[in-house]
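A.B. asks: Structure incoming, see below.
The values are calculated or read from the model by the stated rules, or taken from the named source; none is laboratory data. What you see is a predicted model; the values in this text were computed from it and never measured. For neighbour counting, all protein chains shown are included, and Cβ atoms are generated from backbone atoms with ideal geometry for every residue, glycine included.
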Amino acid sequence: MIILNNSQFIDEKKIWEAIEKHSVSDKVLIEEILKKSLELKGLSLDDIPPLLTIKEPELLEELLKTAKEVKEKIYGKRLVLFAPLYISNLCKNECIYCAFRSTNKELKRKALSYNEIKKEVEILVDQGHKRILLVAGESYPDEGLDYILKAVDTIYSVKNKGEIRRVNVNIAPLTIDDFKRLKSRKIGTYQLFQETYHRETYKKMHIGGLKRDYDFRVTVMDRAMEAGINDVGIGVLFGLFDYRFEVMALLQHSNHLDKEFGAGPHTISVPRIEPASGSKVSEDPPYKVSDIDFLKLIAILRLSVPYTGMILTTRETPEIRRNAFAVGISQISAGSRTNPGGYSSSEKFDASQFSLGDHRNLREVIEDITKLGYIPSFCTACYRLGRTGKDFMDLAKPGLIQKHCSPNAIATFAEYLEDYADDEMKTLGYDMIDKHLKELPPNLQKTTMEMVNFVKEGKRDVYI
């Protein structure tokens, strides 16, 4: 059943009552909740407000330390890498924080042709990317949804030294029938953000276009999952409203999906609002989130939904990204461009959705995270083997998914080193692989070494 009344699973009154009940930090209660989180079973909505009150340095340090422990127990030292591919900045909506909004005359509009999409993908593939997030403004050329479907086909058609093995999609909400059409293109995760779950703020921020319909947007994941898309990604744009409310609402949404479909969101994204062309709101966010509060909310989300992937984009600076990896982030974009044609064009006109904080290319990001002790992962195995939605969670919650994830991550990193790395990066990368191999259980160590050797012998797309 599609739920059209948001109050059935986004309960604003309940959120505020819980926040007001815990307005003062309670050290004993907080420590009990942190201890509970180490059981890796997540936290209840009642557990979250006490954590949101944390301001004392010693309690904050304990929160971040606990989140790091939980993250590494589940994900190890892996970071999944992807690149966003903006194919269009056409939009009929009027979202006052976004450069793509329909009345923004400062923005040069562009919808890529299929040949232009192919050129962008070739560049990303030649850098070593295996996973793309297709992004489009919420309006399409005359073909309508067919434009998106053909774009997905075009991305998958590119076969150079490598190829894109999974296309995730961030586009406007669809009907169930249209989601079925999208699923037929073998996409990975369908991703869309509510931007803010606070109804009154949502109304103020979205003043024109179909996006004004809060209920149609908040129920989008119900329709996607009813259409058979098992993996969905939710998120908010932090800075539009009180982050404490948004964190609670994200968890209400997650719990709703878990209850209705047996699996919560595959990913939660945590973008902070960044300056956008012609937007005063983006220059001076109404609820600006400090760096400390940002790390705190990431940590709280990690403890609350331990098996959900958490995404951080290049909106953030390298320093913030490094700190966030340790406390909960498991997926990152690298070498990103947020304008259509951004990877291939040398034109200087402004067609971007927002400003970036991390301008490094993929190679530089990989070198950085490798030196930090992480294994860069390009794995897409679960999507192709049907380990999605409830099936993924049934493996993840008892810890069984690790026997797949660590070997696959290492094998895909070895593939990157063989095909795209220079000698310096190759030495650094294999040193890190050797270190991680030694930390695996004996049976996994043997399997993973065999997979790495297969890659060195010339085999590709090796996974279990």
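A.B. asks: When you scan segment 195-218, do you find a residue that is free of Cβ contacts under 8 Å to residues at least 24 places away in the same chain and among the acidic types (Asp, Glu), even just one?
C.D. replies: Among the residues of segment 195-218, at least one is free of Cβ contacts under 8 Å to residues at least 24 places away in the same chain and among the acidic types (Asp, Glu), which makes the answer yes.
A.B. asks: Please verify whether Glu138 is without any contact (Cβ under 8 Å) to a residue 24 or more places away in the chain and within 21 Å of the chain's Cα centre (by Cα), treating the condition exactly as stated.
C.D. replies: no
A.B. asks: Quick one: in segment 47-60, of everything that is in a helix (DSSP H, G or I) and in contact (Cβ under 8 Å) with a residue 12 or more places away in the chain, which residue is farthest from Tyr307 (Cα to Cα)? Before you say what the answer is, go through the steps one by one.
C.D. replies: At the first step, the residues of segment 47-60 found to be in a helix (DSSP H, G or I) are 47-52, 57-60.
Of the ones still in play, those that are also in contact (Cβ under 8 Å) with a residue 12 or more places away in the chain are 47-52, 59-60.
Working: Asp47: 17, Ile48: 17, Pro49: 21, Pro50: 22, Leu51: 19, Leu52: 21, Leu59: 24, Leu60: 22 Å.
The selected residue is Leu59.
A.B. asks: Here is a list: Leu90, Leu63. Which entry is modelled with pLDDT of 95 or more and in a loop (DSSP other than H, G, I, E, B)?
C.D. replies: Leu90
A.B. asks: Turning to a different aspect of this structure: Looking at (1) closer than 27 Å to Gly389 by Cα; (2) free of Cβ contacts under 8 Å to residues at least 12 places away in the same chain, can you tell me which one Val270 breaks?
C.D. replies: Looking at each condition in turn, Val270 falls short on (2).
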